Each structure stands twice: as structure tokens, then as C-alpha cells.
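Since every read-out is calculated from the coordinates, none of them should be taken as a lab result. The model shown is predicted, which means the values in this text are computed figures rather than measured ones. Here the Cβ is made from the backbone with ideal geometry for all residues, glycine too, and neighbour counts use every protein chain on show.
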Amino acid sequence: MPNVAQNIGNIKKELGDYKYTLVAISKTKPNEMILEAYEEGQRDFGENKVQELVDKYEALPKDIKWHMVGHLQRNKVKYIASFVHLVHSVDSIRLLKAIDKEGKKSERTINCLLQVHIAEESTKFGFDENELENFLASGELANLKNIKIVGMMGMATFTDDETQIMREFQSLKGLFDHYSAKFNFENFDLKELSMGMSGDYKIALECGSTMIRVGSSIFGERNYG
Ligand SMILES: *Cc1c(COP(=O)(O)O)cnc(C)c1O
């Protein structure tokens, strides 16, 4: 069994003075391991499947901040709308509208990150940039009162080539700066840049990440997921 407490301690020590939020990605891992991290003071946890997120939310302490980091289907938003802390994986306007609708039902404003495709691999989800530009320029966002876009998320290519990873993270940081400067709405306030996983969080922080999503370096390798 991996030593969760020690792993978290090591990451924090390694990252010293960086300013960041550590989201512990607990997908496929049992509640006991999440509680070990919780006892170390960890409060931000992330999952990539709705059902697992709901089950863990129900079973675990209520002051945990739950992050949805995986692809989210519009018809499943309703299961997490009442409690999710941040949705990292908003990859279309249609999804954004679905989240707004469910946020309204739950009488909440749901914080969202726009997921942007930066990796070379074509399998990863992400916003179409034209769609995003057009939508923001239309001003339609002002009508979505139950969502707030607070940042962006991206995943680099799974590779050992650090130059490539850095290039991809820098391109996301560039987009982040571009959109922050260009658009200003009450519910569009880019503060968080969610990038960096177990293999590349250090590079991500060097490139301006504010939020790292770390799974296997805390909880050990997964059998699937
Ligand atoms: C699984 C997952 C992570 C964590 O990956 P590790 O390499 O185990 O740190 C981060 N982000 C997303 C979107 C994930 O699905």
C-alpha cells in the first residue's frame, strides 16, 4: 500500500514556495485512502466519473471540495450539480448551458474551467477555439447566471519530451492570458489555470499553473482509469 500521507508530504516539500492548489485525484481509489489524505489536511479531491464522484461525496466528510476532472455528459450534470466545487472539464457551450440549468435548480453558481485541447494526441477532449471566441464575443454568457467561468484546464501530451510538454503548457498559458485580457463579464473571471499531473506538475507550475491534479504520485498506480 502506498503511504498517502508521506507522498503528499513529499510533493509539498518538493514544491516548496510555489503557490498552487493540490487536487488529489482519487479515481479508482478506496475511501480509506482518501481519508488518509483528509487526515493530513487535504480537502480538494478530484474524480473523473460521475457515479464514483457521487458515491464518494455521499460517503465522505462534507467539507471535502469535489472536483470533476473527467469528461462530463450533459445528462449527468444533475447528479453532481448540488455539491460539485469545480468542473474542470467544460468542453462545449452545450455543456456550459446544461451546467447553468442544473445550477439554477440547485440554487447555486457552479464554478467551471474551460478545458482546452493542447496535446498532440487527438483523443483528449477540449473546446473548439472558434466556438469559444464566438460565444464569448456574442455576450450570451451574461445570460448564464448560474455558472462562473473561473479559469482553464489542459492536459499535455503523455510523453517524456519535456520540451514538448513545456511548449503545450505555455500555449495554454498564452490562451489564458489572451482570454483574461479580452473578455470581462461578471461570470467570466479567469484566475485558475489547472495544468499538471503526476508526471509533469513541476513543469506546469513553471509555466504558470495555479492548480495541479495529482493522482498516482499520491495514491499509487491505478489498475485502470
Ligand atoms: C487521472 C487524471 C489525473 C491524474 O493523473 P496522474 O497521472 O495519476 O497524476 C489528472 N487529470 C485528469 C483529468 C485525470 O483524469
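Within segment 46-108, report the trypsin sites (Lys or Arg not before Pro) that DSSP leaves as loop and that have at most 12 other Cβ atoms within 10 Å.
Taking segment 46-108 and a limit of 12 other Cβ atoms within 10 Å, the loop trypsin sites (Lys or Arg not before Pro) found are Lys62.
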Segment 47-182: translational diffusion in µm²/s, Stokes-Einstein, Kirkwood Rh over Cα pairs, 10 °C, 1.306 mPa s: 101
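Please compute the Kirkwood hydrodynamic radius of segment 37-87 from all pairs of different C-alpha atoms, in Å with one decimal.
Working: mean 1/r = 0.0900 Å⁻¹.
Its Kirkwood hydrodynamic radius stands at 11.1 Å.
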Please give the Cα centre distance for segment 148-225 versus segment 69-123, rounded to the nearest Å. 17
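222 nm [θ] for the chain, helices only, -39500 (n - 2.57) per DSSP H run of 4+, per residue, to 500? Present the calculation step by step, with values, prior to reporting the outcome.
Working: 9 runs with 89 residues, N = 225.
The helix contribution divided over the chain gives -11500 deg cm²/dmol.
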I need the semi-axes of the equivalent ellipsoid of segment 1-91: take the C-alpha gyration tensor, multiply each eigenvalue by 5, square-root it, list largest first in whole angstrom. 24, 15, 11
Those lysines that a straight Cα-Cα span of less than 16 Å connects to Lys12, excepting residues fewer than 8 apart in one chain: Lys202
So how far apart, in nm, are the two label points at Lys104 and Asn143 if each is 7 Å from Cα heading toward Cβ? 1.0
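Fully extended, how many nm does the chain gain between Ala59 and His178 (0.36 nm per residue separation, minus their Cα-Cα distance)?
Details: separation 119, 0.36 × 119 = 42.84 nm, distance 4.07 nm.
Taking 0.36 nm per residue and subtracting the Cα distance, the gain is 38.8 nm.
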If you put +1 on each Lys and Arg Cβ and -1 on each Asp and Glu Cβ, how big is the dipole of the chain around its Cα centre, in Debye rounded to 20? 820
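Is there a pair in Lys62/Lys173; Lys29/Lys62; Lys105/Lys148; Lys104/Lys191; Lys78/Lys104 whose C-alpha atoms are over 21 Å apart, and which pairs would that be?
Working: Lys62/Lys173 33 Å; Lys29/Lys62 18 Å; Lys105/Lys148 15 Å; Lys104/Lys191 23 Å; Lys78/Lys104 11 Å.
Cα-Cα > 21 Å for Lys62/Lys173; Lys104/Lys191; rest within.
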